[in-house]
Structures are given as C-alpha cells and as structure tokens.
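See below for the structure under consideration.
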Amino acid sequence: MAPQAVERITGRGCVLRGDDIDTDRIIPARFLRCVTFDGLGEHAFEDDREQAKGNHPLDNEDMAGANILIVGENFGCGSSREHAPQSLLRFGFQAFVGLSFAEIFAGNCTALGLPCITLDKHDLAALMDSVELDPSQEIVIDFRSDQLTSRAGTVKAHQRPGPKKQLIEGSWDATAILIEAGQEIEATANQLPYVRNFQ
Amino acid sequence: MAPEHTRCAPERPSYSQAVSKSLFDKVWDTHSVRELPNGQTQLFIGLHLIHEVTSPQAFAMLRERGLEVRFPERTFATVDHIIPTQSQARPLADDLAESMMVALERNTQQRGIPLFDPESGDQGIVHVVGPELGLTQPGMTIACGDSHTSTHGAFGAVAFGIGTSQVRDILATQCLSLDRLKVRRIEVTGALRPGVYAKDVILSIIRRLGVKGGVGHAYEYAGDVVDAMSLEQRMTLCNMSIEGGARVGYVNPDEKTFEYLRGRRYAPQGDAFDRAVEWWRSMASDPDAAYADRITIDGNVIEPTVTWGINPGQNIGVNENIPLLSDVPDDERPGFAEALDHMQLRAGQAIVGTPINVAFIGSCTNGRLSDLREAAEVAKRGHVAANVKALVVPGSQDVARQAEAEGLDEIFRAAGFEWRKAGCSMCLAMNPDKLKGDELCASSSNRNFKGRQGSPMGRTLLMSPVMVAAAALDGKVVDAREYL
Ligand code: SF4
C-alpha cells in the first residue's frame, strides 16, 4: 500500500465528549488477543457502548457514517496499542479533531496517515455544539491552509509541523524514509561503544 | 552529519564532552542518524524488545513488503501479556492466546531473534526481563511496543513506548522517526518516611503535574530521594512516567546502577565492563545542564497514596478524604463526577475503610523481588480476609525463583495469597486473571482506567504492594504503616 497524500478531508462529524479517554476504552484489551488488525472496527468503544445502551455517540444514527471524530482533551492516553487508532480507522474515521492528544496515540495515527487536529478551546466547544445540533452538516479540514470549516465558521486547525508535512506530502509511512538513510545507519551504530561491545 | 565514524579508532576513545548537556540530549545526539525532511530526527535504537501483542502485525507488514530484519541481534522477545499465570502448559487453553504464542515463536525463529519463553527459564514481563538480564544499560536508546518502556530509564537509558507501525520501522531499519523532547527535571528532596515507597512518589508527582503534564517531555528524576532509591525502586518511578503523560522518564546512572549490572548475562564482562562504566558515567547529565523547566517535590511529606478515581492522577494520601466538587476546577468537574460514579464512591468520603474484593500484587510497576519482600513482611502478620481473593504474581521467572529461594512463596501461601507464575496477569485483561462484575481491586499495577482489569464495571485502587498486602488482610483500604 503506497502512502497517499492527505491534503483535505471532507465529511461529517461525530462528537465524543469527555477528557482523558484512554486506549483501554477505545479498544478493550480482550480484543488485543489477535494477530491481525482485521475485524477491530466493530469493537471500537465496545464496553462504553454497551454501558450506554444505544446512547453512545458511535451508535447515534444521526452521526452514522461520520468520518471525523471530535473529542476533548488528552484523547488516546494510556497504552501504546496501535489497535486503538486501527479500530477507529476500521470503524470509518479518517481524522480526529480535539483539544489535545496523547503523544503515542498521535504518533500511531501519523504512522497510519490519520491526522490529529487540535482546535482552540472555544472553537472546539462551538464545533461540538454545532455538530450535535446538526450532525448532517459538512465539515472541511484543509491541511494546507490549516483551516477547519463547519457551520460554526472557519477556524484555525492546528497540527504539528512534522506530521503535517508527512501527511500533505504522503510521506507518513516512516519505514520507506528511514530505509533511505542507507549505510548511515550502520555508521551511527558503529560509533556507539556498546554496539562495539566496548572493544 | 560529520563523518565522525571514520575517526573511530581502535584505541581507547575519550568520552569527554565540551558543552553541558542533559543525559537525554547526549543520548539523542549520539544516536541521531540524520535530520529528516519532515523535521523529525532519525534515531538509532540500541535495544528493541518485543512481545506477543504488538509484534505479529509488524512482522506481517515486513513480509508484505519483502523486508529483512536489519539488526536481528539487537531485538529480544518475551511473552507476558497473554500468558496464563496458573498453567502455562502448551497448547494454551485459550485458542487466541495460543495463536499469538505460535506467531511469536514462528516470527522470532524465522528472523533469528532470541525468545525468552516459559521453557527458557528467562520469561517474564518485558520490562522486568530486560533489566535483570543486563540488556538494559545506561546511555542506550531502547524501544518496545508497550507504553511502560519508560521503566528502562531507571538505568539512564532513553526508552520509548511505541506502536506497531514503529515496531515495523525498527525491525526494518533499527531506527525511529521522532520529535526531540523537552527535558523537565523533577527533584524529590529530603527522605521518604517509613512505609512510603517509589510508588507513592510517582503517584504524588502525577497528582501534582497532572496526567497530561508531561506531554512533549522527558522527565529526569533526581534529588536525594531518587539518589537513595534502589534500581528496583527507580524502575517503579520511571515506569509510571507515561501515566503522567511523559513518554520518557529516566534517572542518571550512578554507582548503584553499575553494581546492579555487574555480572549480568548481557552486560559487558571483564575489562569491557570497566570501559563501559567510563562511558556510562560520561553520559550522565552535566551538573550545569539546561532544562526546559525544573520542579521540586518535598519527599518528606509524601504519604502512602491511593487512587480513588479512573485515572492515576485522581489520588490522595491514604488518610485524606476524596475531594469535594468545590475543590475541583470547573473543567475537571464532569470527569470528577464520572469517576466517582464509576467507583461508587462519594465526594468528601474517607478512602480508608473502603471494602475490597480482590488484591493484586504484581506487574511491571511492582512485581520485582524487593516489592515481594516488602509485601511479605505485611503478609506475615495476618491472613487474607475471608471474602478477598488475593494474588501474588512475580514479574519474571527469575523473580519467582529468587522469591521461592527466600521462602516468600510460603509466606504468601500461608497467609492465604495465591502464588502464581510470571506474567502481566491482572494488570490488564488479556489472560484469565480478570475482575468480575463491579469488583473492587487493590492493585500494585499502574492503571485504574475503566475496564482495565477485565470487567467493564470493575474498579481499581492503585497503591504500593505493601498497601495492597495490608488491604488484603483487612479486607479494606488501610494505612499499611499499622503493620510495619
Ligand atoms: S504488567 Fe501491565 S503495564 Fe506492564 S507490560 Fe504488562 S500489561 Fe503492560
């Protein structure tokens, strides 16, 4: 699968309120007993959804088919499991918009070509309210101009420069880029005393 | 990149450094292969540890792309998350667990990677095994597909928790693409009072700085309290850096670090060990190194600490009361209510006296020999309460052997604890050890997230192993100092 450039995402939003939503909630650990990521989509937020008895945003019919997940602060904290973004990707999300993201989660997303966009607090609050009022509205995230447009207006969409560049250039698959260093890797390794067994 | 390597002469290198730097910066600079077009650094990873949960998909990606493992001698594997702690006989009773085990065996065999499986006698939780075999060393970069990789920072290594795509990156290139972190120095001053442990220190730090306070940072732990800690305690401290949002946590290496490593299987031996010590010393932070910021925590006032909520920052001293809504900042109020609702606790209530159903001593946070020794001191003084299920799970087969040689297993059994085989066990719900219904568990592990211990309604109180042992005996949360 060749990485694709991600310059712009258009679609509908799903609002998931709450801060510090951890990866154990996104994909409970029992679903990690697997050797492929296939089939993880249907288990996204399984326990939360079961407890909400049909009232979880992921089960809200008005938000069905949404491809942009709108979240609060420190989303994706906890375990490093890539199963978390993998399950959300397979559920149908192509981008996350929130106040902030946990570091490993954001890194895992970048490795999958999934943007993690942050908005200023009042912009995020307005977007959440607006999407809840009218879930059918179109949302546009433009990565080149760093803007997110919804019925709540056009606001600044922040993204870290590294991941942004990788997404718009389609260079988010790190393996290919790291391989390009060629023998420089061995050269760096051979300067490290422990690689030479302190000889 | 200067062609430094061409000057790498066989004679004894000199490790003196001109500019004052932190250990993090020294490690970063010596391991950096090049700056990448996206502004990140291509960083060489000296030690790669893998386990059964986050590696099979990475090996599958390698196969899809027809890539080889670039440095198979720098990757080591163990099995910990899915392994049952009662019978580890093959095939494992759970088909899914068995298939993960088989995948790990096949992948490591095909690629020439050593696997510490139960038959080897070296199996255990990846963050317990690396240090005890001497694989984890100062000045290294370490990565593992597990967020508690920060544990290895106790040795003065810079250790990153990564996702599966990055496991693939390392297998293929032995490198990661990373943003440089800022370094925050956290000095814990004074001395811990009796009955207060590294677990209480890190929970206090997280309470003070918050569960996201460390995002973008490496935490450098220092001060008299940290200097006085054993390597095992430093591992507990560094382990939970991630619960404070910091991906990396470390302690500068010192004499204790070197003594811990001396003679371990994968540590340098003989003269090479002396040369290693010289290099390890040179990698420690310079006294006048610059930091993004500095925080001081008074170690004298830290109390045995217990969580009451659903993130590790929601904690109090054992004799404190749960906060009142009026004590909580506005934007944390929805989370506060959700936490109390899940925990079936009330604002303002004392945590002491809260009845428990399960007691768990183990995990990469607190499943090492010193943890078990300390807990056994309490276990000696009573018997597990009638309605409590209590488990002791050594962090590795080596820990189990040493504990058994000291008779700790007998002490625990006599007191009514179950003595299990090495693994992650009830730290997370991937093996048969799980909470049921809304059971409340006093746990020496690291996460009290909803559902973490296997039941969506299950409840977790994080605390030190000594506090867990005392709670097991009393059947409720108690100040363990009553037993010491
Ligand atoms: S003991 Fe718990 S935190 Fe540690 S590696 Fe195992 S599951 Fe992860």
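Compared with the dominant Cα axis of chain A, that is its longest principal axis, helix A:121-133 is turned about 50°. Along segment A:7-17 the Karplus relation, 6.51 cos²θ - 1.76 cosθ + 1.60 evaluated at θ = phi - 60°, assigns HN-Hα couplings of 9, 7, 10, 10, x, 10, x, 10, 9, 10, 7 Hz to successive residues, with x for each Gly and Pro. Each Lys and Arg contributes +1 and each Asp and Glu -1, all at the Cβ; summed about the Cα centre of segment B:316-434, the dipole is approximately 520 debye. In order along segment B:415-424, phi translates into HN-Hα couplings of 8, x, 8, 7, 9, 10, 8, 5, x, 6 Hz, rounded to whole numbers, per the Karplus curve 6.51 cos²θ - 1.76 cosθ + 1.60 with θ = phi - 60° and x for Gly and Pro. Across segment A:74-80, coupling constants 3J(HN,Hα) worked out from phi with the 6.51/-1.76/1.60 Karplus curve, θ = phi - 60°, read 6, 5, x, 6, x, 4, 7 Hz, and Gly and Pro carry x. Pairwise Cα distances in the protein assembly as shown exceed 39 Å for 29 percent of all pairs. Binning the C-alpha pair distances of segment B:362-484 at 10 Å intervals from 0 yields a P(r) profile of 15, 49, 32, 4 %, listed from the shortest bin outward.
For the residues of B:164-176, the average number of beta carbons from a partner chain within 10 Å of their own beta carbon is 6. For segment B:375-408 versus segment B:217-294, the spacing of their alpha-carbon centroids is 28 Å. Think of chain B as a dipole: +1 on every Lys or Arg Cβ, -1 on every Asp or Glu Cβ, centred on the Cα centre; then among B:Leu325, B:Val393, B:His342, B:His342 lies furthest on the positive end. In terms of the mean number of neighbouring beta-carbon atoms within 10 Å, the peptides B:19-30, B:257-268 order highest first as B:19-30, B:257-268. Here's how it looks for A:Ile117: its modeled amide H is under 5 Å from those of A:Phe96, A:Val97, A:Gly98, which are all 5 or more places away or on a different chain. Projecting label points 7 angstrom from Cα along Cα→Cβ for B:Asp341 and B:Arg264 puts them 4.6 nm apart. Amide H contacts of B:Gly458: B:Gly451, each under 5 Å away and 5 or more positions distant or on a separate chain (H built 1.01 Å from N in the peptide plane; Pro and chain starts excluded). The alpha-carbon atoms of chain B, seen along their principal axes, cover 67, 53, 43 angstrom, with the largest extent given first. Scaling against 2.2 N^0.38 Å puts the C-alpha radius of gyration of segment B:88-147 at 1.28.
Cross-link pairs exceeding 27 Å between alpha carbons, from the set B:Lys256/B:Lys450; A:Lys164/B:Lys212; B:Lys256/B:Lys476; A:Lys121/B:Lys436; B:Lys380/B:Lys450: B:Lys256/B:Lys450; B:Lys256/B:Lys476; A:Lys121/B:Lys436; B:Lys380/B:Lys450. Of the complete DSSP H runs in chain B, none spans 18 angstrom or more by Cα along the long axis with a mean Kyte-Doolittle score not below 1.0. Per residue, the average separation of C-alpha pairs within less than 8 Å and at least 6 apart gives chain A a relative contact order of 25 percent. According to the Cα-based calculation, Rg over Rh for segment B:317-407 is 1.11, with Rh computed by the Kirkwood formula. Normalised by 2.2 N^0.38 Å, where N counts its residues, the alpha-carbon radius of gyration of segment B:19-295 equals 1.00.
Readers should treat all values here as calculations from the given coordinates under stated rules, not as data from a laboratory. This structure is a prediction, so every number in the text was calculated from the model and none was measured. Please note: Cβ atoms are built from the backbone with ideal geometry, for glycine as well, and neighbour counts cover all protein chains shown.
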